[in-house]
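Single-structure report; data block below.
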Amino acid sequence: MSKPAKHTGVTSGEPIDSYLPSAGNRGYRVSRYELDLEYNVASNRLAGRATVTATTVEPLARLSFDLSPALTVAKVTVNGARAPKFAHRGGKLTITMPKPVPTGTALVVTVRYAGAPVPVHGPWGEVGWEELAEGVLVASQPNGASSWFPCDDHPSSKASYRIELTCDSPYFAVANGILTGRRVRAAQTTWTYEQSEPMAAYLATIQIGEYERVAVPDSRVPGSVGPGAGVPMSAVLPPRLRKHFDRDFARQPQMMEVFTDLFGPYPFPAYTVVVTADELEIPIEAQGISVFGANHCDGHGREERLVAHELAHQWFGNSLTLRRWRDIWLHEGFACYAEWLWSERSGGPATHQLAAAAHAGLARLPQDLLPADPGPELMFDDRLYKRGALVLHALRQGIGDRPFFDLLREWTRKFRHATVTTEDFTDLAAHYAHQPLHPLWDAWLLSPALPPLP
């Protein structure tokens, strides 16, 4: 029997998450990122200074961050002193501490870096920093945050952010949080955003383009108090798409009202929709932001279910974030079910009708997907979205409407801005049922075979 390995803070041995074995780091917990970035759109050149505030959670001789090899590290300091040794290989920036530090040590690590960022390649395609014809799109799910800043790139690690970005003045820049400063100097503009609510690294984003920002009319939720009351909503988009947006996203304020009623207060200070000049295969959520392609904004209103889906992710995915990727049904199943709930509330097909259609569609497909543990190859499979939504519909049918929606509101309240697992949800649901729910979970979550629709 070998001796146990010493704690070094460097990812080794068992991965933090078997779905992404190289992502995430041990030994510390980040509380804040401060990113000072300069970007040249024409040359796709990024220069950055990342200041990471963290606390060690075990004795630490070395610490590591996820960082793309496309970016070159010039300098690293730890608590103001230059790091005597660091290495950047295989997507990891590993820093050797001047001397080992004990558990509970506060660290402020500053990394200066630069390069031409590129997406991270993986089984799910390219994720992270993507250069557009005129601007930038950042969509990092599940492990693309390292394409543009050094980070602990796992959803179990959430922190607050300040993102300051300088780029050429013709371009509009959007990042997570509230715009706290906009400074124009000569031909450049510096944008400063503050994201105070904890955020997983993959949900951090920057969007740059020849955009304008417009307020969404009637975007104040009536009749509610607290964080869900008066949610400011805006759109950032090419001016040519403004009229299409006004038609395609016209009912977004009503969606906010419905979801606030069903799920509890909106969890962030504001909500922004970005529509890129380029087409996108699918919309993308970030914290406080949803990103749609020009093809989703054509004036015909055909993508309203996606508008609802992305808004629902602000509760399920962004405020409540999975602790491990195997539990992704907690994001996608809930957002898919929100589509059905919006349909029913807005005069479209009833939830049970949509559930029956989804069930019939799944019955014709292979029965090899386990909702509670789909595996990395299938975690973004459309069957998981529909199957996850059917888990919730079966639960609603089993415990009744009032307990079901009371459960959802308590779920979002109890775990607001936290990380969650399937067990957290099933344990909480037990308090809202008059009979054991194990048979339901066994059939709908823990078996690949599709059960009959209740």
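The values are calculated or read from the model by the stated rules, or taken from the named source; none is laboratory data. Nothing here was measured: the structure is a model prediction, and the numbers come from that model. Positions of Cβ are backbone-derived with ideal geometry, glycine not excepted, and every protein chain shown enters the neighbour counts.
So here's what we get for this one:
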| quantity | calculated |
| --- | --- |
| Residues (without any contact (Cβ under 8 Å) to a residue 60 or more places away in the chain and not in a strand (DSSP E or B)) located in the stretch 61-85 | Pro69, Asn79, Gly80, Ala83, Pro84 |
| Conditions (1) under 15 Å from the mean Cα position of the chain (by Cα); (2) in a loop (DSSP other than H, G, I, E, B); (3) among the aliphatic types (A, V, I, L, M): number failed by Val118 | (1) |
| Filter result (assigned to a loop (DSSP other than H, G, I, E, B) and either touching a helix residue (DSSP H, G or I) at 6+ places or on another chain (Cβ under 8 Å) or at pLDDT below 95 (or both)) within the stretch 318-330 | Asn318, Ser319, Ile328 |
| Extreme residue, farthest from the chain's Cα centre (by Cα), among residues of the stretch 230-289 that are among the β-branched types (Val, Ile, Thr) and more than 17 Å from Ala139 (Cα to Cα) | Val258 |
| Selected residue (only one of Arg402, Arg409 is within 25 Å of Gly264 (Cβ to Cβ), among the charged types (D, E, K, R), surrounded by fewer than 19 Cβ atoms within 10 Å (Cβ to Cβ) and under 23 Å from the mean Cα position of the chain (by Cα)) | Arg409 |
| Evaluation of Ser43 against (1) hydroxyl-bearing (Ser, Thr, Tyr); (2) in a loop (DSSP other than H, G, I, E, B); (3) surrounded by 15 or more Cβ atoms within 10 Å (Cβ to Cβ) (one fails), failing number | (3) |
| Which listed residue is within 17 Å of Pro238 (Cβ to Cβ), at pLDDT 95 or above and surrounded by 14 or more Cβ atoms within 10 Å (Cβ to Cβ), from Cys151, Cys167 | Cys167 |
| Residue that is more than 19 Å from Pro142 (Cα to Cα) and touching a His at 6+ places or on another chain (Cβ under 8 Å), where the choices are Leu322, Leu306 | Leu306 |
| Test: Leu395 is crowded, with 19+ Cβ neighbours inside 10 Å, in contact with a Phe, Trp or Tyr (Cβ under 9 Å, 6 or more places away or on another chain) and modelled with pLDDT of 95 or more | yes |
| Test: Pro119 is touching a helix residue (DSSP H, G or I) at 6+ places or on another chain (Cβ under 8 Å), more than 30 Å from Arg416 (Cβ to Cβ) and free of Cβ contacts under 8 Å to residues at least 40 places away in the same chain | yes |
| Evaluation of Leu440 against (1) surrounded by fewer than 21 Cβ atoms within 10 Å (Cβ to Cβ); (2) over 25 Å from Arg305 (Cβ atoms) (one fails), failing number | (1) |
| Any pair with Cβ under 8 angstrom, 6 or more apart, that starts in the stretch 416-434 at a residue that is over 17 Å from Glu332 (Cα atoms) and hydroxyl-bearing (Ser, Thr, Tyr) and ends at one that is crowded, with 18+ Cβ neighbours inside 10 Å and at pLDDT 95 or above | Tyr432/Ile399; Tyr432/Phe404; Tyr432/Leu407 |
| Total residues in the stretch 331-345, condition touching a strand residue (DSSP E or B) at 6+ places or on another chain (Cβ under 7 Å) and either surrounded by fewer than 24 Cβ atoms within 10 Å (Cβ to Cβ) or at pLDDT below 95 (or both) | 0 |
| Selection count where residues are out of contact with any Lys or Arg (no Cβ under 7 Å at 6 or more places or on another chain) and either part of a strand (DSSP E or B) or outside the structural domain of Thr189 (by TED's automatic domain parsing) (or both), scope the stretch 46-58 | 7 |
